[in-house]
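Visitor: Here it is, the structure in full.
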Amino acid sequence: MSVERATPPGLIVREATAADNDRLIALELECPLLIGDVEETFDRSPDFFACHRQQGEYRVVLGELEGRVVGVMAGVIQTPVVQGQPHRLVYIQQARVHPDLRGWGIAWVMARDLFTWAGERGAEGPYYLIAPENKPSLTFVERGGGRWPVDGTLLEFDVPESQGGQAERIPDGRLEEAVRLVNTTHAGEDFFEPLTLESFAARLSRDRRYSIDDLYGTFEGGTLVAVGGLWDKGATTERIHTQRTTGVTTRSRGAAVADWGWAAGRREAFAELLRGLAAAARALGRSTLAICEPAPGALPDPGLVRRSSTASLFTPTIQPPAAGAIRGLHADMLYL
């Protein structure tokens, strides 16, 4: 059946507004992600849009049928480096369709809206990061092709009650040093978007939940040798994790590390900084600390209990390179 024949004729797709907040929160609670034997649901109350405000160019669209919100999709435009060349792309970071209406082509209509919006702003195409066990989402994106031969990796550290050390905040006057450490650490990684002093300052000024007050560092002899930003994702989102086989449900709120790096030869300084960021996350009441590991062994071991998960990368408009040409896959934690 074609998308045109499957799509309900009364479907309206439009940009979501603050007036849609409560209905979008309710929709997400009705649309768990199915990842193997696990259901992952995200509660974004009381503010659905809070997790988007620290981003730059983003758009949230919804599908509406007879006055009922039946789908939502969000995209953010980035200019990451892919195989040494900058590409302006739209990352499709969120897509939900009510279970009763899946298979009606609603996701494709919302996606076309985002593709048009992004294309008008110079984006050449979309990219996606999908958990390999998330079969419904994989079915959606695999039609476009472009699956990379290497998956991205996310690490999640447990945050214990007590930690050694305390992370030190970085003042405004040291931002240029922070930019240099971040850019140097991630040079050569695919999907890293290099910072400038101006872009970093803008990034830290979009929302109070990720600002200069959330940028931490390690100083040695007055020199900044490690940097990491702490995003309190748990302030905007609660994760509801349900084991489908047992019915056991757990709820958690975590923090994430963004904009991180270290000076040459100071890898262990970043391990100490991670421990300090874990302590800061614990002080916020968070139970976990997440970070992207661009390649196996790329991060030092902070001595914390950790779990890893992977995400498959799709670039329908960019031919994936051979596995041997990939030095690392970067993911911006502010967009996940």
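The values are calculated or read from the model by the stated rules, or taken from the named source; none is laboratory data. A quick note: this is a predicted structure, and the numbers were derived from the prediction, not measured. Quick reminder, even Gly has a Cβ in these numbers, built from the backbone with ideal geometry, and neighbours come from all protein chains shown.
Visitor: I need a count of the residues in segment 300-315 that are surrounded by 18 or more Cβ atoms within 10 Å (Cβ to Cβ) and closer than 30 Å to A74 by Cα. Step through it out loud before you land on a result.
Guide: As a first pass, look at segment 300-315 and keep what is surrounded by 18 or more Cβ atoms within 10 Å (Cβ to Cβ): 302, 304, 311-315.
Filter once more, keeping what is closer than 30 Å to A74 by Cα: 311-315.
Result for segment 300-315: 5.
Visitor: Here's something else I'd like to know. Residues being β-branched (V, I, T) and over 30 Å from G221 (Cα atoms): count how many of those fall in segment 141-191. Please lay out each step first, then the result.
Guide: Going through segment 141-191, the residues β-branched (V, I, T) turn out to be 141, 150, 153, 159, 170, 179, 182, 184-185.
Cutting the leftovers down to over 30 Å from G221 (Cα atoms) gives us 141, 150, 153.
Adding up the residues that qualify gives 3.
Visitor: Of these, V109, V97, which one is surrounded by 22 or more Cβ atoms within 10 Å (Cβ to Cβ), touching a strand residue (DSSP E or B) at 6+ places or on another chain (Cβ under 7 Å) and either under 20 Å from V13 (Cβ atoms) or of a type in the set (A, V, I, L, M) (or both)?
Guide: Working: V109 fails: surrounded by 22 or more Cβ atoms within 10 Å (Cβ to Cβ).
After applying the criteria, what remains is V97.
Visitor: A follow-up question, please. Just wondering, is there one or more residues in segment 175-192 that are crowded, with 17+ Cβ neighbours inside 10 Å and at pLDDT below 95?
Guide: Checking segment 175-192: not a single residue is crowded, with 17+ Cβ neighbours inside 10 Å and at pLDDT below 95.
Visitor: Any idea how many residues of segment 134-161 are within 20 Å of V38 (Cβ to Cβ) and of a type in the set (F, W, Y)?
Guide: Summing the residues that are within 20 Å of V38 (Cβ to Cβ) and of a type in the set (F, W, Y) in segment 134-161 gives 2.
Visitor: Tell me the residue from A255, A295 that is of a type in the set (G, A, S), surrounded by 18 or more Cβ atoms within 10 Å (Cβ to Cβ), in contact with a strand residue (DSSP E or B) (Cβ under 9 Å, 6 or more places away or on another chain) and at pLDDT 95 or above, please.
Guide: Details: A295 fails: surrounded by 18 or more Cβ atoms within 10 Å (Cβ to Cβ).
Matching residue, one of A255, A295: A255.
Visitor: What about V13, is it touching a residue at least 60 places away in the same chain (Cβ under 8 Å) and β-branched (V, I, T)? First the steps, then the outcome.
Guide: Numbers: touching a residue at least 60 places away in the same chain (Cβ under 8 Å): yes; β-branched (V, I, T): yes.
Yes.
Visitor: Additional query: Quick check: anything in segment 208-216 surrounded by fewer than 15 Cβ atoms within 10 Å (Cβ to Cβ) and not in a helix (DSSP H, G or I)?
Guide: Within segment 208-216, one or more residues are surrounded by fewer than 15 Cβ atoms within 10 Å (Cβ to Cβ) and not in a helix (DSSP H, G or I).
Visitor: When the residues of segment 245-302 are filtered to those that are without any contact (Cβ under 8 Å) to a residue 12 or more places away in the chain and in a strand (DSSP E or B), which remaining residue is nearest to F219 (Cα to Cα)?
Guide: T250
Visitor: When you go through A123, A107, A111 one by one, which is the residue that is part of a helix (DSSP H, G or I) and within 25 Å of T79 (Cβ to Cβ)?
Guide: Working: A123 fails: part of a helix (DSSP H, G or I); A107 fails: within 25 Å of T79 (Cβ to Cβ).
Every option except A111 fails the conditions.
Visitor: Something else now. Looking only at segment 316-332, how many residues end up being surrounded by 19 or more Cβ atoms within 10 Å (Cβ to Cβ) and either modelled with pLDDT under 95 or outside any loop (DSSP other than H, G, I, E, B) (or both)?
Guide: The qualifying residues number 1.
Visitor: Okay, next question. Quick one: would you say T242 is free of Cβ contacts under 8 Å to residues at least 60 places away in the same chain and either in a strand (DSSP E or B) or on the phi > 0 side of the Ramachandran plot (or both)?
Guide: Numbers: free of Cβ contacts under 8 Å to residues at least 60 places away in the same chain: no; either in a strand (DSSP E or B) or on the phi > 0 side of the Ramachandran plot (or both): yes.
The answer is no for T242.
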